[in-house]
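Chemist: Take a look at this one; I'll ask things after.
The values are calculated or read from the model by the stated rules, or taken from the named source; none is laboratory data. Quantities reported herein were computed from a predicted structural model and do not represent experimental measurements. Quick reminder, even Gly has a Cβ in these numbers, built from the backbone with ideal geometry, and neighbours come from all protein chains shown. Only protein heavy atoms, including side chains, enter the accessible area calculation; ligands, DNA and RNA are left aside. Shrake-Rupley method; radii C 1.70, N 1.55, O 1.52, S 1.80 Å.
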Amino acid sequence: MSTHPWHKKPKSYVIISLVGILLIAATFSSDIKGLYLASIALVTAVGVDLICFRLGKRKRWLPDGAVITGLIIALILSTATPWYIVAITAIMAILSKHLLVYNKKPVFNPAAFGLLLSILFFQTGQSWWGAFGDLPEWTVAFLLLGGYAVTNRVNKFPQVFAFLSMYFLLLLLMGFMHVGDAADAFRPPFINASLFFALFMLTDPPTSPASNKDQVIFGLLSAIAGVVIYSFFGGLMYLFIGLLISNAYHAVRSRAS
């Protein structure tokens, strides 16, 4: 068992940053429903996670991963989403964490998996309100501050820089060639969503590589796959699809090595 204090663990940085973002977004948007839906997502995610651990007869259970998943889901789904859809999204996310596993680690980012299924099954609205897309531009500083703390703690800078560099380069090229709605990706809430995604979802340690070289490949693949999907379909699910493709690549590569 780890002897490190909880507040020094990587997941604690993520939780503290996401809770801070949740409170800031709810305060400035004056939308109390965001906090209500966050509580629904959190209770559901933690409850299902506990049930899965009990069924798996595991001895040591910490809810930190489920808390992170619940917070991310709540910060991305529109606050107009019915509470039961939020709960179902959290359930699908946590089940993927326990059922789609390799070497006792989830293959896919749970939040991305649950949110993508939520779009496909329920056509849920995803406002990314927790990325401050509807708030004054200066609020992005909070997003970057929290994201920096998380990325630094989990040592994922190569992955984040590779993703953002390729992502914006490809979108810029698409804009020059007048392909799709590339210009929209540089405006809120799209730009806010891409930053939140890169800093808080792409950096998930269990579903992404550790070495710098593999991180760069992971980030590049996620960006390329995502932008290709965006060019054909638009919307915001392209970020999830790009990440899940990179997750699958990482799992296959890990199994082959």
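Chemist: Any residue in segment 203-212 that is of a type in the set (A, V, I, L, M), open to solvent by 10 Å² or more (accessible area, probe 1.4 Å) and farther than 19 Å from GLY133 by Cβ?
Modeler: Yes, segment 203-212 contains at least one residue that is of a type in the set (A, V, I, L, M), open to solvent by 10 Å² or more (accessible area, probe 1.4 Å) and farther than 19 Å from GLY133 by Cβ.
Chemist: Please work out if ALA38 is under 24 Å from PRO205 (Cα atoms), touching a helix residue (DSSP H, G or I) at 6+ places or on another chain (Cβ under 8 Å) and either open to solvent by 90 Å² or more (accessible area, probe 1.4 Å) or of a type in the set (A, V, I, L, M) (or both).
Modeler: Spelling it out, ALA38 is indeed under 24 Å from PRO205 (Cα atoms), touching a helix residue (DSSP H, G or I) at 6+ places or on another chain (Cβ under 8 Å) and either open to solvent by 90 Å² or more (accessible area, probe 1.4 Å) or of a type in the set (A, V, I, L, M) (or both).
Chemist: For GLY226, all conditions in the list (1) touching a residue at least 24 places away in the same chain (Cβ under 8 Å); (2) surrounded by fewer than 19 Cβ atoms within 10 Å (Cβ to Cβ); (3) over 24 Å from VAL67 (Cα atoms); (4) not basic (Lys, Arg) hold save one; what is the number of the exception?
Modeler: Failed condition: (2).
Chemist: Further, regarding this structure: Which one is most open to solvent (accessible area, probe 1.4 Å), of the residues in segment 67-122 that are in contact (Cβ under 8 Å) with a residue 40 or more places away in the chain, closer than 21 Å to GLY235 by Cβ and not in a helix (DSSP H, G or I)?
Modeler: Looking at residues that are in contact (Cβ under 8 Å) with a residue 40 or more places away in the chain, closer than 21 Å to GLY235 by Cβ and not in a helix (DSSP H, G or I), I get ALA80.
Chemist: Only one of (1) open to solvent by less than 60 Å² (accessible area, probe 1.4 Å); (2) in a loop (DSSP other than H, G, I, E, B); (3) free of Cβ contacts under 8 Å to residues at least 40 places away in the same chain; (4) not polar (S, T, N, Q) is not met by LYS59, so which one is it?
Modeler: (1)
Chemist: Given the options PHE200, PHE233, name the one that is under 23 Å from THR124 (Cβ atoms) and crowded, with 22+ Cβ neighbours inside 10 Å.
Modeler: Being under 23 Å from THR124 (Cβ atoms) and crowded, with 22+ Cβ neighbours inside 10 Å holds for just one of PHE200, PHE233, which is PHE200.
Chemist: Same structure again: Restricting to segment 126-142, name every residue that is more than 15 Å from LEU239 (Cβ to Cβ) and either part of a helix (DSSP H, G or I) or of a type outside the set (Asp, Glu) (or both).
Modeler: TRP129, PHE132, LEU135, PRO136, GLU137, TRP138, THR139, VAL140, ALA141, PHE142
Chemist: In segment 165-210, which residue that is in a helix (DSSP H, G or I) and over 22 Å from the mean Cα position of the chain (by Cα) is farthest from LYS104 (Cα to Cα)?
Modeler: The selected residue is PHE176.
Chemist: Would segment 236-252 turn up any residue that is surrounded by fewer than 17 Cβ atoms within 10 Å (Cβ to Cβ), assigned to a helix (DSSP H, G or I) and modelled with pLDDT under 95?
Modeler: yes
Chemist: Ok, one more. Can you pull out every residue in segment 9-35 that is open to solvent by 50 Å² or more (accessible area, probe 1.4 Å), of a type in the set (A, V, I, L, M) and in a helix (DSSP H, G or I)?
Modeler: Hits for segment 9-35 are ILE16, VAL19, LEU23, LEU35.
Chemist: Hey, can you tell me all the residues within segment 124-161 that are farther than 11 Å from ASN192 by Cα and among the β-branched types (Val, Ile, Thr)?
Modeler: If the condition is that a residue be farther than 11 Å from ASN192 by Cα and among the β-branched types (Val, Ile, Thr), then THR124, VAL150, THR151, VAL154, VAL160 are the ones that fit.
Chemist: Please indicate, with yes or no, whether at least one residue in segment 183-194 is touching a residue at least 60 places away in the same chain (Cβ under 8 Å) and either of a type in the set (Gly, Ala, Ser) or under 23 Å from TYR102 (Cβ atoms) (or both).
Modeler: Yes, the conditions are met somewhere in segment 183-194.
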